[in-house]
Amino acid sequence: MNRNMNVAARILGAYAVIYVAYLYVPVLFLPLFSFNDSIYISFPLRGWTLKWYQTMFANEALHRALVNSLKVGMMTALISTILGILGARAVTRYQLPGQKPVVAMIMLPLVVPEIILAMAMLIVILRMGGSLGLVSIAAGHVLICVPFAMVVLMSRFEGFDRSLEEASYDLGENAWWTFWRVTFPNVLPGIVASLLLTFTISFDEFIMAFFLGSTNPTLPVFMWNQLRFPKLLPGVLALGACILIASVFIVLLAEWFRRRNTSETQTGDMTIG
Amino acid sequence: MIRPQFLGGCFDSAGLMNNATSKPLDRLRSSLSRRPALRGYLLLSPTLGLVGALMCIPIMAMAVLSFWQQTGHMDFDMSGTVQNYVEALTRDMYRVLFLRSLGISGLTTLATVVMAFPLAYFIAFYVKRHKMVWIILVTLPFWTSYLLRVFAWKVILGYGGAVNSGLIALGAISEPLTFLMYNPTAVVITLTHAWATVAILPIYVSLEKIDRSMLEAATDLGDSPFIRFFRVTLPLALPGILAASVLIFIPTVGDYVTPSLVGGSDGYMIANVIQFQFGRGSNWPSGAAISLTSMTIVAVLVAVFVWSARRLSGRHS
């Protein structure tokens, strides 16, 4: 029995290592070729160079796209996190009649194909005489980020001891100050994590930005437009490598905030979609 | 803008409008303190209102538009016709693309779930310490750019890409392999990789929740580890498997990035047609009808799949 367990553990362990390699190795081709001194993305490697990074950083259009993405990302992170706080507070604090279908509706953008959400919003925006731009992109991003903000914040609101709030009431604080002095500090790591994660999603999002944007693109759309020109590909790889590193850094930071003061047993409460 | 509309119903049913004796603000306050559910909904209303304004209203607008006819740039004949739906359901091209989308997504879902299950099982039952590290390791790619993860496969599978140039450099082949890219298989490979991280977490959570004493009981009652897996572990992990399947199947049916980058004309999917109708095709009502038809069919398929899977496992246990 024990020996069987060991064999199973070893096989599964080996599988797990291979699986993680499968997850990461394909993506590593992007940074690999971004340092390759050749305009063609192919083996054998010709030698190391940083010139693709230099040409990329010198590109004015890229700077504008980066600023656009930062603007949209910050708008999205702020709005979706505020809505996430309100929503998470409401569903964890009160027992609402019909809560299940209501929460399911808020989570729906996780599964509906983004192209359909984008086209539906496009119809409304253009029929109402609105214009496309960074605001319409941010609106689309908020829709897909609110479910993530809700999930992150709900686990944080659920995780903290309700009796702290009750103690505050008993000591004479009103609801407003109880929120700011007791609840808010306790859920703050969740709020920071939500801001970081929603920013990352918005920063990397392509479909909404592609269909709801004007000719003034965000970074992923700028990258998409570059893909049509083979001679610009190495620059795209360099840009992609930078974006990957930035995302990884932000997400690890978010995870660190999210796990603060919570026990390891709560690891499974994050549902992603 | 949305709030008063939405809350109107709640206020009416709360009897707020009938209480004419006190000031409005006091009435609101007393009503709120008496009804926590109302307070909860008031708190939830901005979030709900936004989802309503950005999703529900646009989808309804799409439904209305789908019964119109395009007569010019942003000009529509609004008299109402089901012609768009008739076309969406009967034109061969749409049927081929839709069936192909279903096939690609079905294979992708199957592959991701089958590949993710052993890993989730390993983390749930065999990793004793540093579970968090494993979870973060396998979920981290999810948060990185989808576009880049798909683009990586273009770099790998392309005509002059990593696989072809690598094999040529090694002398294994003399001509680049053309079957690697621009076909449905390339789309399935790319999607399977891009959605891999989505499958692990729901399955892991459902495995982690399994009461270990149930497994011990099965062993004590004489089940071999193999039988125990199929009689206890797998049925109890079913909610996670179903959640993972739904979370992958529905969005991938409508995926646009992957077929556009690695699919080629043989790998086009339904999203490419939707994009075409709203773009160069300039037939928005048709695009709306195709969107809604395909989503409805997918929703029905998923409902049937989940229902029958639950029934089947219910009968077993």
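A few remarks follow.
- A:PHE57-B:ALA37 pseudo-label distance in nm [points 7 Å out on the Cα-to-Cβ vector]: 6.0
- Kirkwood-based shape ratio for the protein assembly as shown, expressed as Rg/Rh from alpha carbons: 0.98
- Proximal lysines relative to A:LYS100, as straight alpha-carbon distance under 28 Å, when same-chain residues fewer than 8 apart are discounted: B:LYS209
- Taking every protein chain into account, the accessible area of the protein assembly as shown amounts to 47 square angstrom per residue (probe 1.4 Å).
- Alpha-carbon centroid distance for the pair region A:29-55 / region B:65-105, whole angstrom: 45
- Working ranking of peptides A:153-164, B:97-108 by packing, defined as the average number of other Cβ atoms within 10 Å per residue, highest first, is B:97-108, A:153-164.
- Straight-line cross-link partners of A:LYS51 among the aspartates and glutamates, defined as a Cα under 18 Å from its Cα and at least 8 positions apart when in the same chain: A:ASP37, A:GLU60.
- The mean sequence distance of close C-alpha pairs (under 8 Å, at least 6 residues apart), as a share of the length of region B:86-316, puts its relative contact order at 28 percent.
- In the assembled protein chains, B:LYS131 presents an accessible area of approximately 30 Å² (probe radius 1.4 Å).
- In this assembly, the A-B interface accounts for approximately 7900 Å² of buried accessible surface in total, computed with a 1.4 Å probe and without ligands, DNA or RNA.
- Amide H contacts of B:PHE76: B:THR71, each under 5 Å away and 5 or more positions distant or on a separate chain (H built 1.01 Å from N in the peptide plane; Pro and chain starts excluded).
- Assuming charge only on the beta carbon of Lys and Arg (+1) and of Asp and Glu (-1), the dipole of chain A about its Cα centre is about 580 debye to the nearest 20.
- Ranked by the mean number of other Cβ atoms within 10 Å of their residues, highest first, the peptides A:233-240, B:275-282, B:23-30 fall in the order A:233-240, B:275-282, B:23-30.
- Computed from the C-beta positions of A:LYS231 and B:LYS128, the FRET efficiency with R₀ = 60 Å rounds to 0.70.
- Table column - 3J(HN,Hα) (Hz), region B:195-204, Karplus curve with 6.51, -1.76, 1.60, x for Gly and Pro: 9, 3, 5, 5, 6, 5, 5, x, 5, 4
- Integer Hz, Karplus 6.51/-1.76/1.60 couplings in order for region B:164-178, x for Gly and Pro: 4, 5, x, 5, 5, 4, 7, x, 6, 9, 9, 10, x, 6, 8
- Among the residues of B:277-283, the average count of other protein chain beta-carbon atoms within 10 Å of the residue beta-carbon is 1.
- Cross-link partners of B:LYS131 among aspartates and glutamates, defined as those whose alpha carbon lies under 20 angstrom from its own and excluding same-chain residues fewer than eight positions apart: A:GLU255, A:GLU264, A:ASP269, B:GLU208, B:ASP211.
- Value of [θ]222 nm, deg cm²/dmol, for the protein assembly as shown, DSSP H segments ≥ 4, -39500 (n - 2.57) each, nearest 500: -23000 deg cm²/dmol
- Taking all Cα pairs closer than 8 Å and separated by 6 or more residues, the relative contact order of region B:229-288 comes to 20 percent.
- Per-residue 3J(HN,Hα) values for region A:223-231, derived from phi via the Karplus relation 6.51 cos²θ - 1.76 cosθ + 1.60 with θ = phi - 60°, read 5, 4, 5, 5, 4, 6, 10, x, 6 Hz in sequence order (x marks Gly and Pro).
- The mean number of partner chain beta-carbon atoms within 10 angstrom of a residue's beta-carbon across peptide A:18-31 is 6.
- Cβ-derived FRET efficiency at R0 45 Å, B:SER265 paired with B:ASP220, nearest 0.05: 0.15
- With the gyration tensor restricted to C-alpha atoms of chain A, the semi-axes of the equivalent ellipsoid amount to 38, 29, 18 Å, longest first.
- Across chain A, the mean sequence separation of Cα contacts (distance under 8 Å, 6 or more residues apart), normalised by length, yields a relative contact order of 30 percent.
- Within 10 Å of each Cβ in A:182-195, the average number of Cβ atoms from other chains: 0
- Carbon/sulfur fraction of accessible area - region B:219-266, other protein chains in place, 1.4 Å, %: 66
- Dipole of region B:64-144, positive end: most advanced residue of B:HIS130, B:THR112, B:PHE142 [Cβ charges, Cα centre]: B:HIS130
The values are calculated or read from the model by the stated rules, or taken from the named source; none is laboratory data. Being a predicted model, the structure only gives us computed values, none of them experimental. For neighbour counting, all protein chains shown are included, and Cβ atoms are generated from backbone atoms with ideal geometry for every residue, glycine included. Surface accessibility is based on the protein's heavy atoms, side chains included, excluding ligands, DNA and RNA. Shrake-Rupley method; radii C 1.70, N 1.55, O 1.52, S 1.80 Å.
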